[in-house]
1. Does region 79-123 hold any residues that are assigned to a strand (DSSP E or B) and surrounded by 10 or more Cβ atoms within 10 Å (Cβ to Cβ), and which are they?
2. Do we have any residue at all in region 46-62 that's over 20 Å from the mean Cα position of the chain (by Cα) and of a type in the set (Gly, Ala, Ser)?
3. Does at least one position in region 19-26 carry a residue that is outside any loop (DSSP other than H, G, I, E, B), at pLDDT below 90 and either touching a Ser or Thr at 6+ places or on another chain (Cβ under 9 Å) or open to solvent by less than 40 Å² (accessible area, probe 1.4 Å) (or both)?
4. Mind counting the residues in region 54-78 that are of a type in the set (A, V, I, L, M) and open to solvent by 40 Å² or more (accessible area, probe 1.4 Å)?
5. Let me confirm something: among Glu36, Glu50, which residue is within 22 Å of Ala11 (Cα to Cα), open to solvent by 50 Å² or more (accessible area, probe 1.4 Å) and either in contact (Cβ under 8 Å) with a residue 24 or more places away in the chain or not in a helix (DSSP H, G or I) (or both)?
Amino acid sequence: FRSKTKSSELAHYELLFIVPNKFTEDEAKAIAKKVEEIIIKEDGKITYQEDWGKRKFAYQIKKYSHGYYRLFEFDLEGINLAKIDRDLRMSNEVLRHQIVTKQIKTAEQVTKEKKILAKIAAKNVAKEEDAKIEQEAKEQAEDKGKVDLKDLDEKLDNNLDTKDLL
């Protein structure tokens, strides 16, 4: 039978999950391995994974304030996604998880994004240089506006030495 909402073609997904800090870092890695096995058991193929390490939450979740974040990208038939989601929800070791569909980028898209990021970086560097030049100009203008005390003393002495005061 076929599902009306889930396709049977391979789609690309991204899974982000959090392991609570009641576990050690080594135990969190073992839990990540279990999650990987759950994906593989459902005929998924992991294409990328990243360990984000231990991070502080913005607010407490089930009385925990820290957790170990882990990211997986995988290819999977859409019909098997619900099984992975259910297994993760039922797991006492995974505090929170989120699975989203992710588009696979072509090499052309990746190079285009890199060019855009390079342009943005160049603009930021130029802005920083302009800000430095502006700051230096301000400082020079302030320095010109300041009169040296020695100069003031000399002018005052010269004015006082003249006989035209009375």
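1. Going residue by residue through region 79-123, those that are assigned to a strand (DSSP E or B) are 96-101.
Correct list: Arg96, His97, Gln98, Ile99, Thr101.
2. Filtering region 46-62 down to residues over 20 Å from the mean Cα position of the chain (by Cα) leaves 46-47, 60-62.
Of the ones still in play, those that are also of a type in the set (Gly, Ala, Ser) are none.
No, region 46-62 has no match at all.
3. Within region 19-26 (the criterion being outside any loop (DSSP other than H, G, I, E, B), at pLDDT below 90 and either touching a Ser or Thr at 6+ places or on another chain (Cβ under 9 Å) or open to solvent by less than 40 Å² (accessible area, probe 1.4 Å) (or both)), the answer is no, since none of the residues qualifies.
4. Quick first cut of region 54-78, residues of a type in the set (A, V, I, L, M) only: 58, 61, 71, 76.
If we keep only those that are open to solvent by 40 Å² or more (accessible area, probe 1.4 Å) as well, we get 58.
Within region 54-78, residues that are of a type in the set (A, V, I, L, M) and open to solvent by 40 Å² or more (accessible area, probe 1.4 Å) number 1.
5. Working: Glu36 fails: open to solvent by 50 Å² or more (accessible area, probe 1.4 Å).
Result: Glu50 is the single residue among Glu36, Glu50 that is within 22 Å of Ala11 (Cα to Cα), open to solvent by 50 Å² or more (accessible area, probe 1.4 Å) and either in contact (Cβ under 8 Å) with a residue 24 or more places away in the chain or not in a helix (DSSP H, G or I) (or both).
The values are calculated or read from the model by the stated rules, or taken from the named source; none is laboratory data. Predicted model, so just to flag it, every value in this text is computed and none were measured. Glycine gets a Cβ as well: all are built from the backbone with ideal geometry, and neighbour counts include every protein chain shown. Calculation scope for accessible area: heavy atoms of the full protein, side chains included, ligands and nucleic acids excluded. Shrake-Rupley method; radii C 1.70, N 1.55, O 1.52, S 1.80 Å.
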